[in-house]
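Participant: Quick one: this structure, given as structure tokens, is what I'll be asking you about.
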Amino acid sequence: MRIEAWLEYFNNACKISNKDNDWKMLNISKYLKGSALTHYVNSCLNISHFDDLCNILIENFLKPNIVNLSDFSQHQLRNNLDEYFHQKLNCGRQLGLSPQLILEGLTDGMPTNIKQLMTINPPTSPTEWLKVATRLMKTQAAKPESRRYDCYRSNKVRTFMYLWSLSKLVLVFSYLSDLLASLMIPIKESPLKNVQELNDAVVAGKYKFGTLNGSYLLNYLMEFKSGIIKDLANHIRHHPENVLRNFSEVATRIEEEKFAVMIPHLYFVYSASTIGIEKFYTAKDSLGYGMVSIAFRKGFPLMEKVNWIIHRITECALYSKIVDGNIFHSQLKAPPPKPMEDKRALSFDDITPIFQVKKDNDGSLYGFGGSDFHLLQMLSKHVPFSYELMIRTDYAFGSIDKNGEWTGMIGMLKRNEADLAIGWLSNTYERQTVVDFSFPYLIDANVFVTAAPKILQRDYPFINPFQPLVWIYLLISLVLSGFALSILSTPIGGNKNRKENFFGRWFKGIRRILALLVGQGRYDYYRSTKVRAFMYLWSLSKLVLVFSYLSDVLASLMIPIKESPLKNVQELRDAVVSGKYQIGVFAGTSLLNNLMEAKSGIIQDLANHIRHHPENILKNFAESIKRVEEGKFALMNMRLHFMYSASQIGIERFYVAKDSIGYNVVSIAFRRGFRHMERVNRM
């Protein structure tokens, strides 16, 4: 029989017989045996109250099973409260711990909800502790919310609830994974890709549409009497504020609201390049074509001389199709030279934005679009002459090979295989020694192109919100705060094993502050006002740290990080020299020759890289796109040539630097002695 049950029985029997505590003290020895009688004999001289005797008997009746401090601190309540109480109480007495530490240890081993209730009004003696703990355990057991699946006796019901728990885990993990994915992966809105989508969006009120004031585009729109263009014109008639004055107003309206503008392609590309072409989306579809010329007053006497002197920049079309390209040449029929025998079949891969061609039923080629096709049509009409389209045998524009022979289009002209070569052909001194050039009709900058900045994956996203120094300071503050807490909460008395107890309290203080930091600690455990004030300060610090950390984590998850692009030639050179990037250029172009002629400076470093990596001398546009998208690769090319070539596959996939590496003068190349050259230049 347990000593507690026997003492309760003895008290009830004495109560029935009207026996007081004095009688109990004098006569209880008649009913005790063994170790209980021994404890009575050893303690009877030091006690005078029956309640004190009951406390001694309850506390000392059982032999302790725990013999060290580690087992004492780690011992937790399992099922039997009485067994837990006696084992931990006797262990604490054997270790020589003070009554306060023993009571704290008993409370620490209880369940969290019981522990929090016992700290509100802490017991002052082991017996009182046992009574309070027993009462609280019975109260909690009677509450239905404290039970989980144990409240169901049926195995079927328990199995059903366990299955619900598994379903809950699946739902929670799925929800959290989707939530994190939606926060970390930005969702881009779908752009308007063609005129039909633009018209539908404008009619539905999702977009506004406008154009530049005083331009031919406005008159062009207003002339339409039916169809999609008429719907767009009607929108402008009803919204005159959408007739804009300048490009600055265009950029502002596009960035601030759902606004689409009708504007010449090259004008927009040039104007937007200074503020960032990546901010805008240019549709691949077009709303007609525009021809750019110089206007003179009627009877202007110097018009012919001006036409001879100025560089006439002519852009006659906006391109609707592009894949990778071949530049095409025109061969004149006056007098008709022999056509080339090794013409290859034309496929869609041959279509370029500069000169678009198709294959006729008889196998001949005919042009249907592109800026230089329209230029060739004007020349043939007004010179006049007839021509036959040919495809060059290699991709080179024209350079001197290792045997001293000219390649590409320049070589074909030199060998009298063609009379005229057109297709953004740069006018250089070396080329002028073997062929003749027309007046320039385009001047374009040489730029380098890299892949568009990608969204970077964050390493250690839950550590990055704080700098490493902040984490170090936080760790140091935990250690020092644990030390301060152990000093402030030093128990009175208990000098035995003082050194060991101090380090134990220090470690315990660190654990409690860490628990408070992560939200599972409490500071009402301590009675001392100083200790509680210290813990309150830690709570305030915790709020600041937690809010700062969570705000940085959410910001880092919701705002993607993009890699930094190469913005100028100096950054390009540094990246190439350090091995972070490679640079390439097209074979047979004037760009390659200009690079190789550099004897010093940044350009020489870029040329040396190409000398050591001949595989970076590319053959065609498709190869260049592949290299740029696959790795850290920068392509040196003419700005407009790249813009046109990349527009059909998505200019947003690339980054075109605003800095340039020189300029190119684009002309039409003729074989030596071409008799129509003067008339072509007049045009």
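Rule-based calculations on the coordinates, nothing more; no lab input. From a predicted model like this one, the values you see are computed outputs, not experimental measurements. Here the Cβ positions follow ideal geometry from the backbone for every residue, glycine too, while neighbour counts run over all protein chains shown.
Participant: Under a crude label model (7 Å from the Cα following the beta-carbon direction), how far is TYR536 from GLU278 in nanometres?
Facilitator: It is 5.2 nm.
Participant: Based on the alpha-carbon gyration tensor of segment 540-683 and its eigenvalue square roots a ≥ b ≥ c, which shape applies: rounded if a/c is under 1.5, prolate if not and a/b is larger than b/c, or oblate?
Facilitator: Prolate, because a/c is 1.5 or more and a/b exceeds b/c.
Participant: Let me ask something else. Evaluate the distance, in nm, between pseudo-label points positioned 7 Å from the Cα of GLN570 and of SER600 along their respective Cα→Cβ axes.
Facilitator: 1.8 nm
Participant: As an exercise, identify the trypsin sites (Lys or Arg not before Pro) in segment 583-683 lying in DSSP coil whose Cβ has no more than 13 other Cβ atoms within 10 Å.
Facilitator: LYS599, LYS619, ARG672, ARG675
Participant: For the pairs LYS208/LYS567; LYS88/LYS138; LYS381/LYS619; LYS279/LYS567; LYS567/LYS632; LYS115/LYS508, flag any whose C-alpha to C-alpha distance is greater than 23 Å.
Facilitator: As for pairs spanning more than 23 Å Cα to Cα, those are LYS208/LYS567; LYS381/LYS619.
Participant: Hey, what's the Cα Rg ratio for segment 617-676 versus the globular rule of thumb, 2.2 N^0.38 Å?
Facilitator: Segment 617-676 yields a ratio of 1.45.
Participant: Then there's this: Under the 0.36 nm per residue contour assumption, what length would be gained going from the current alpha-carbon distance of TYR366 and VAL544 to full extension?
Facilitator: Net length gain for the segment: 56.8 nm.
Participant: Let me ask something else. Take the Cβ-Cβ distance between GLU678 and ALA204 as r, set R0 to 60 Å, and report the resulting FRET efficiency rounded to the nearest 0.05.
Facilitator: It comes out at approximately 0.60.
Participant: Then there's this: Just order 73-86, 12-25 by mean Cβ neighbour count inside 10 Å, highest at the front, would you?
Facilitator: Going by the mean number of other Cβ atoms within 10 Å, highest first, we get 73-86, 12-25.
Participant: Same structure again: May I ask you to derive the FRET efficiency for HIS49 and LEU514 from their Cβ-Cβ distance with R0 = 41 Å, giving the value to the nearest 0.05?
Facilitator: Efficiency, from the Cβ-Cβ distance: 0.40.
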